[in-house]
Amino acid sequence: MSFSTNMRFKFPILAIVLQIVIIILFGVFVKYDTHDHSGPHNSTHEDNTFLNLYPLFQDVHVMIFVGFGFLMTFLKRYGFSSVGINLLIAAFGLQWGILMQGLWHLHGGKIEIGILKMINADFSTATVLISFGAVLGKTSPVQMLLMAIIEITIFACNEHLAGYLGASDTGASMTIHAFGAYFGLAAAAVLYRPGLKNGHENEGSVYHSDLFAMIGTLFLWMFWPSFNSAIADPGLNQEMAIVNTYFSLAACVLTAFAISSLVEHKGKLDMVHIQNATLAGGVAVGTCADMNIGPFGAMIIGFIAGIISTLGFKFLTPILASRLRIQDTCGVHNLHGLPGILGGIAGIVAAALGAKEGCSPTMQGAALAATLGISVVGGALTGLFLKLPIWGQPPDQNCYDDSIYWEVPLEEAEHENHYQDEHGKMKVDA
Amino acid sequence: MSFSTNMRFKFPILAIVLQIVIIILFGVFVKYDTHDHSGPHNSTHEDNTFLNLYPLFQDVHVMIFVGFGFLMTFLKRYGFSSVGINLLIAAFGLQWGILMQGLWHLHGGKIEIGILKMINADFSTATVLISFGAVLGKTSPVQMLLMAIIEITIFACNEHLAGYLGASDTGASMTIHAFGAYFGLAAAAVLYRPGLKNGHENEGSVYHSDLFAMIGTLFLWMFWPSFNSAIADPGLNQEMAIVNTYFSLAACVLTAFAISSLVEHKGKLDMVHIQNATLAGGVAVGTCADMNIGPFGAMIIGFIAGIISTLGFKFLTPILASRLRIQDTCGVHNLHGLPGILGGIAGIVAAALGAKEGCSPTMQGAALAATLGISVVGGALTGLFLKLPIWGQPPDQNCYDDSIYWEVPLEEAEHENHYQDEHGKMKVDA
Amino acid sequence: MSFSTNMRFKFPILAIVLQIVIIILFGVFVKYDTHDHSGPHNSTHEDNTFLNLYPLFQDVHVMIFVGFGFLMTFLKRYGFSSVGINLLIAAFGLQWGILMQGLWHLHGGKIEIGILKMINADFSTATVLISFGAVLGKTSPVQMLLMAIIEITIFACNEHLAGYLGASDTGASMTIHAFGAYFGLAAAAVLYRPGLKNGHENEGSVYHSDLFAMIGTLFLWMFWPSFNSAIADPGLNQEMAIVNTYFSLAACVLTAFAISSLVEHKGKLDMVHIQNATLAGGVAVGTCADMNIGPFGAMIIGFIAGIISTLGFKFLTPILASRLRIQDTCGVHNLHGLPGILGGIAGIVAAALGAKEGCSPTMQGAALAATLGISVVGGALTGLFLKLPIWGQPPDQNCYDDSIYWEVPLEEAEHENHYQDEHGKMKVDA
C-alpha cells in the first residue's frame, strides 16, 4: 500500500510536464492586452478599467486562495492538504483556465490578457475547488490535478454554451456553483468508499480547526459582492450586483443561525452551519445579482438560501451518504448545489418579471438544465477515470489524514508511527 | 438552569421575525441610488465614486467582520461565540443601520442605497461590536440581538444630533468609539455579576487563541486609515485622513510596546496590550483625521493614545472591576473609551487652532458631552432591559464558555460532560 | 542571565526616545503633498492617483504586517515574537523609511507625503523584516530596533545608488529581496551561536503553527502582483507588472510542489517548502516585472525560482549552517537571496534583449553587484554592533522561545517554571 500512495515520481513528473506544456502554449497563444493603449484616446479610460477592477480581482483572488483554502481546514488532521492542495489546484487551474476560456475568444489567433481574463481565470478554478470539497480527504494530489484539467475544460465549454444560449449568470450560481457541486458529487458517487460508511475518526473538527475554517468563511462572506459583480457591466448593473449580494448575504446569516439553533440539540448553534450556510445567500443571488430585483428581493433570496442550506446539512447530507452513496465531505451540495439551483430558478423568475432587459426565462432554464446535465455526466466520467488504481489514492484508514502526503510535525504521543528525519526532527509516518 | 439558556425557540423566532420585518421595511422604504446614472453628464463621475470608494468599503467590511471578530477570540474557550456572534450582530446590524440612519435622510420617502450608505451601515454595527466586547462571555445571542436593535437606534439619533450641532467627527472617535464603549460599560455595570469578581477559569487566553486574536488586531490596524477616511470629503481631506491615521497608528505601536514592557513583570510584553493598545492611535485620531493637523500632529495623538491605553489596561481595568463594579471583558474602555475621549478633546483643540474650516471648538465639545451622556444613559437602560431573566443569559459558571450555546467538538479528556450526537461525534455538553 | 535579558528599561527608553526623535524630525521636515490640489486643473487627476493606488498600497500593507508577520509564526513557541516584533519593526521602520528615503528627494527642504511615499515607506521596512527572518529567535527586541535603524538607512542609500546608476528594479528583486537577505545572513554569520549547531528543541513547528504560517504565505502570494506593480509607471508597464507577477507565481507553485515531493521522504510534501518556495516566483520576477518579457517569459522565471528555492531549502541551508556557520532560521536565503539574484540576472538578460527602453544590462549588473556588496558589508558591521553584550540577546537555551520577552499563558503542565500574576493568571517564566 505504501507503494501506491508514494507520490515521489508520478506527482513531480505530472506537475512539471503540465507546467512545461502550459509555458509552451502560453508562448504560442498568449500576449498582453495592449489594444486600448495603442489608441491615443482610450488609453486613460483603459487604465481606469484595469486599475478600477483590480481591487475586485484581488477580492476574488482572496476568496479563491484564502476563502476556499481555509474553509476546508475544519478537519482536525487535514489542514495542510486543504490549504496546500487548494493552492496547487488554483495555481494550476488559473493557467489552464486562461487557455481553455481563451480558446473560445481568440483575437488574431491570440489570447489577450487583461484584468477580465484574470478574473475569469480565477473563476474557472472555483469549480474545481468546489468539487474538491466533495472528495476532500479521499483523493491524492495527482487525482486533483487530473480533475482540474478535465473539469476546467468542460466548465469552459459549458460556460460558452450558456453564453451562446443568451443566459445571464453574472455571479455564476449555475455555471460555477451548481456546476462545481454536481460535478464533484457525481465524481464522489463513483468514488464511493463503503469502508467509510460508518465514518472515520479523523472526519471531524477540533476547536482550533473550526476557528481556522472561520477565516475562510469570513473572507468568502465579505468579498462575495466582488465575486458577483466583477464581470458585470460597468455602471448601475455592477453597483446593483454589489448591493444585492451585500443584502442577500446579510439576510442569509440570520436564517442560517436561526435554523441551526432550531434543529440542533438544546437549541445550540452548529459550527458547520455557520461556516457554510451563511454563505448560501452569496451563491443563490449570483445569477440575478446584476438584475433589478430590489434590495428586498435580494434579501428574500438570501433568506430562503440560509434555510435550505442549513436544512440540507442537517437532513439531506446523511441521506445522500446512506441512500445515494455520495460521501460529500464538506457538504458542497448544501453550500453550492442547492443554493446554485435556487439561484438558477431565481434567475428564471427574475427574467420572467423583466428584471433584466434581453433575458429570457426559457433560455435561463435551458442554461440551468444544460449545466446540471453536463456537470453530472462530466463528473461521473471523471470519477471513473480517477478510479483507476494508479493515481495514488489513499487507503480508507488513511483518509482525512495529512500524514500520507505531507511531512507532519510530531505533536504529542498520540501517533504510534513516527520517525526522525535528517534534520533530527520527529515526523509522523503514514 | 438548562431550560433558561436553551435557545431553541426564543432565538430562532426572534431572528426570523426580525429578518421578516426588515424585508418588509426594505420593500417599503429602500431602493437603489440611481440618481446620478439618469443624468447624462454625471454618470461617469458617479461610476468612479462607487468603485473608487468600494475598496475603502471593503477594508471597513474586513475590520467589522474579521477585525472585531477575531480580536475577541483571545479567550481560550469562547472563540466560536466571538467570531460567530460578531457575524450575527453585524449582519443584522448593517440592515438595521440602513433603516435607522436612512430614516433621517429620506429622498421622496425612500432610502437610496449607494456606497456611502453601505459604509455608514457597517459603521453603525461597530458601536454594538464595541459594546459586545464589554459584556463578552456573559450574555446570550438573544441579548445581543436586542442590544443591537436598541443601540443602533440610539446611535443613529446621536450621530444625527452631532451633525445637527455642526461637529466634525469623520473617523468617529466620539460617535462610534466613545459611544460604543460607554454604552457597553454602562450595560456591563447594570449586568454586574458578583459571582465573577474573583475571576473565572475560562477568562484568559491560551497560546494559539492569542495568535488568532492578532489576526483581528492586524486587520484592524492596517485598514484603519480606510475607516477614518471612507466618508471624508473627496480630495485633500480624504488624503489627509489616510496619512494622519497611518502615522498615528505607527507612533502608537512604539509607545504601546514601550509602556507594556515598562509595567510588566521583568520588562516583558503583554499580548493584551499589543492586541489592543496598538490600535488606540486609530481611535484617537478619528475626530481630527481629515483636519490639517500635520503628520507630526497625528503622531503626537498616537503617541499619547498608546500610553494611556496601555496604562488603562494595567491600572484602570482592575479598579473599574473592583470599585465601579464594571467587568469589562475585552477592556473596551482602554481601546475605545479613553482614546475616544482623547480623540474628542483633540478635535476640540484642533478646531480651536483652526485646523478645519467651519469647525467650532464649542460645538465639538457639545457633541462629545452629548455622546457621553446619551451613551451612558442608553447603555444603562439597555442593561436593565437585558437583565430580565427571560433572555437566556448564562449562569456564572458557564460564562466565557462556548459550549453553552454551541456544539463544541470534544478535544481531550478535559471535559467531564459530553455526549454522542446523531452522527456519532463526541460533543461537549454545557 | 535574567538581568541581561530584562527589557524593562532599555527597551522602553529606546522605543520612546526613537519615537520622540521621529516626531521632532517630522515636525521639521514632513508635510502633506498638496501640490496637485492647489492647481485648478490637476486636482481631479491627483485625486485619482491617490485613491487609484490606495488599494495597491493596502495590499502591500497587508503583505508587510500579516504576510511577513504570520509567515514567521511557523515556530512552535515563537508566534508572539514573530507577529508582534514584526509589527514593532514595521511600525517604526515605515516612519524611519519616510525620513531616510525622503532626505534624497526634498522639495523646498521638505518631504511631501503622498501615496507613493507611503508605499515606499512600507517597502523599506520589508528589508528589515527579511533580515529578521535570518536571525529569528536569536535576538532581542532592542537588537531588532537597532538593526532597523541601520538597515533602512543603508537601504535608502543603496536604492538611491541603483536609481543613480539608471538600473530598473520595479519589484525590487535586488534592492529589497537580495539586499534584505544578504544583510541578514551576514549579520547572522557574525552572530553565529555554536551552542545551537545541533539544533534546538523549539526550532520546529507544530501542526497549528504551520497553518498560521500559511496565512502569511497566502497573503504574500496573492498580493505580490501589487507589490511588484505599485510604483511602476502608470498604464501598460503597471499592467504588465501585475500580469507577469500573477503568472510567475502560478508557475512557481507547480515546481515548488513538484521538487518538494521529489526530494522528500516517500515523495511527501514539506510545509517549509510550500510556505516559502511558492513565493520565490514573486521575488524573482520583481526586477523585470514591468518589462515586456511576455507572460510565458514570466512563467519561465517562476518555474526556475520554484526549483532553486526548494532545492536551496533541502540542500543549501544545512550546508550554510555547517560550513559557513550561518544559521538562517526562516531560510531567507532560499526565499529572498537566491531568487533575488535570479531576479537581478533576469533583469540583465531582459535589458540585453531590449525588454524595457533605456535599460542597460551593464547598469543592471552594476546595481546587482553594488547591492550584494553593500548588503554583506552593512550586515556584517551591523552584526558586530549587535554582538555587544548589552542589548539583551537571549541565552542559547532560551532561543526560539517567546517566554523570555513575553508574558505567555500557561497551557499545560509542560512548563516547569511558572508563576501567578497579579490578576491570578498562570504565566510562563523564562
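The values are calculated or read from the model by the stated rules, or taken from the named source; none is laboratory data. The model shown is predicted, which means the values in this text are computed figures rather than measured ones. A quick note on method: Cβ atoms are made from the backbone with ideal geometry, for glycine too, and the neighbour counts reach across all protein chains shown. For the accessible areas, the whole protein counts, side chains as well, though only heavy atoms, and no ligand, DNA or RNA atoms are used. Shrake-Rupley method; radii C 1.70, N 1.55, O 1.52, S 1.80 Å.
For C:TRP104, what accessible surface area do you get with a 1.4 Å probe? Give it in Å², rounded to 10.
110
Looking only at other chains, what is the average number of their beta-carbon atoms within 10 angstrom of each beta-carbon in B:274-285?
1
Please give the net charge around C:VAL66, taking every other residue with its beta carbon less than 14 angstrom from that of C:VAL66, where Lys and Arg add +1 and Asp and Glu add -1.
Cβ neighbours under 14 Å give a net charge of -3.
What shape does the protein assembly as shown have by the C-alpha gyration tensor, where a ≥ b ≥ c are the square roots of the eigenvalues, rounded means a/c under 1.5, and otherwise prolate means a/b greater than b/c and oblate the rest?
The shape class here is rounded.
Please get the size of the charge dipole for the stretch B:159-300, origin at its Cα centre, with Cβ charges of +1 on Lys and Arg and -1 on Asp and Glu, quoted in debye to the nearest 20.
Dipole magnitude for the stretch B:159-300 comes out near 380 debye.
Could you please report the charge total around A:GLN95, scoring K, R as +1 and D, E as -1 over all other residues with beta-carbon less than 14 angstrom from its beta-carbon?
Charge balance near A:GLN95 sits at 0.
Output, in nm with one decimal and in ascending order, the distances from the A:GLY235 label point to the matching label points of the other copies (7 Å from Cα along Cα-to-Cβ).
Distances to the matching label points in the other copies: 2.8, 2.8 nm.
Quick one: what do you get for the stretch A:279-331 if you divide its Cα Rg by 2.2 N^0.38 Å?
Its radius of gyration relative to the 2.2 N^0.38 Å reference: 1.40.
Checking buried surface per residue: for the stretch C:61-84, which residues lose a minimum of 30 Å² accessible area in the protein assembly relative to the chain alone (1.4 Å probe)?
C:HIS61, C:VAL62, C:PHE65, C:VAL66, C:PHE70, C:PHE80, C:VAL83
As an exercise, find the ratio Rg/Rh for the stretch C:197-296 from alpha-carbon atoms, using the Kirkwood inverse-distance average for Rh.
Numbers: Rg = 16.2 Å, Rh = 14.9 Å.
Ratio of gyration radius to Kirkwood radius for the stretch C:197-296: 1.09.
Between C:ASN198 and the same site in the other copies, what are the distances in nm, shortest first, taking label points 7 Å from Cα along the C-beta direction?
Copy-to-copy label distances at C:ASN198, shortest first: 4.8, 4.8 nm.
Consider a paramagnetic label point 7 Å from the Cα of C:VAL21 along Cα→Cβ; state which residues of the stretch C:131-149 have an amide N under 13 Å from it.
Answer for the stretch C:131-149: C:145-149.
Could you tell me whether the stretch B:217-359 comes out rounded, prolate or oblate from its Cα gyration tensor? Rule is a ≥ b ≥ c as square roots of the eigenvalues, rounded for a/c under 1.5, then prolate if a/b exceeds b/c, otherwise oblate.
prolate
If all Cα-Cα distances of the stretch B:45-130 are sorted into 5 Å bins from 0 onward, what percent lands in each bin, rounded to whole numbers?
3, 15, 22, 19, 17, 12, 6, 4, 2, 1, 0
So what's the stretch B:53-197 giving for Rg/Rh, alpha carbon basis, Kirkwood Rh from the mean inverse pair distance?
Ratio value, two decimals: 0.98.
What's the buried accessible area, both sides, between B and A using a 1.4 Å probe, rounded to 100 Å²?
6100
Can you give the Rg to Rh ratio of the stretch C:293-373, both from alpha-carbon atoms, with Rh computed by the Kirkwood formula?
Looking at the stretch C:293-373, the ratio lands at 1.06.
Just grab the label-to-label distance for B:ARG193 and C:PHE315, each label 7 Å out from Cα along the Cβ direction, in nm (one decimal).
Calculated label separation equals 6.1 nm.
Which residues belonging to the stretch A:288-320 lose at least 50 Å² of 1.4 Å-probe accessible area when the assembly is complete, relative to their chain isolated?
Buried on complex formation: A:PRO295, A:PHE296, A:MET299, A:PHE303.
Membrane-span-like helices in chain C: DSSP H runs reaching 20 Å or more (Cα, own axis), mean Kyte hydropathy at least -0.5?
Taking the DSSP H segments of chain C (at least 20 Å long, mean hydropathy at least -0.5), we get C:10-29, C:43-62, C:79-102, C:115-135, C:141-164, C:207-229, C:236-263, C:294-311, C:338-352, C:361-386.
With the label 7 angstrom out along Cα to Cβ, how close does A:ALA352 come to the same site in each of the other copies, in nm, nearest first?
The answer, with the shortest distance listed first, is 6.8, 6.8 nm.
Relative contact order of the stretch B:47-153: what whole-number percent is it, with Cα pairs under 8 angstrom and at least 6 residues apart?
31
Enter the accessible area of A:TYR54 (Å², nearest 10), with the probe set to 1.4 Å and all protein chains included.
Approximately 0 Å² for this residue.
Modelling each spin label as a point 7 Å along the Cα-to-Cβ direction, I'd like the A:GLU357/A:LEU165 distance in nm, to one decimal.
Rounded to a tenth, the inter-label distance reads 2.4 nm.
Round to the nearest 0.05 the FRET efficiency obtained for B:LEU388 and B:LEU103 when R0 = 30 Å and r is the Cβ-Cβ distance.
Efficiency, rounded to the nearest 0.05: 0.65.
Would you tell me the mean number of C-beta atoms belonging to other protein chains that fall within 10 Å of each C-beta in A:197-210, as a whole number?
5
Within the protein assembly as shown, what percent of beta bridges assigned by DSSP are antiparallel, to the nearest 5? Provide the component values of the computation, followed by the final result.
Values: 17 of 30 bridges.
Counting only bridges with both partners in the protein assembly as shown, antiparallel ones make up about 55 percent.
Classify chain C as rounded, prolate or oblate from the Cα gyration tensor: take a ≥ b ≥ c as the square roots of its eigenvalues, call it rounded if a/c is under 1.5, otherwise prolate when a/b beats b/c and oblate if not.
oblate
Taking the rotation that carries B onto C, look along its axis and tell me which residue of B has the beta carbon nearest to it, distance in whole angstrom.
B:PRO55, 2
Please give the residues from the stretch B:91-121 for which the solvent-accessible area of heavy atoms, probe 1.4 Å, is smaller by at least 30 Å² with all protein chains in place than with the chain isolated.
Those residues are B:ALA91, B:LEU94, B:GLN95, B:ILE113, B:MET118.
Roughly how many Å² is the accessible area per residue of chain B, as a whole number, for a 1.4 Å probe?
Accessible area per residue, chain B: 30 Å².
Pairs to check: A:LYS76/B:LYS138; B:LYS356/C:LYS117; C:LYS31/C:LYS387. Give those whose C-alpha atoms are more than 31 Å from each other in this structure.
Over 31 Å apart, Cα to Cα: C:LYS31/C:LYS387.
Considering only protein heavy atoms and a probe of 1.4 Å, how much of the accessible area of chain A is carbon and sulfur, as a whole percent?
Values: 8300 of 12940 Å².
Carbon and sulfur together cover 64 percent of it.
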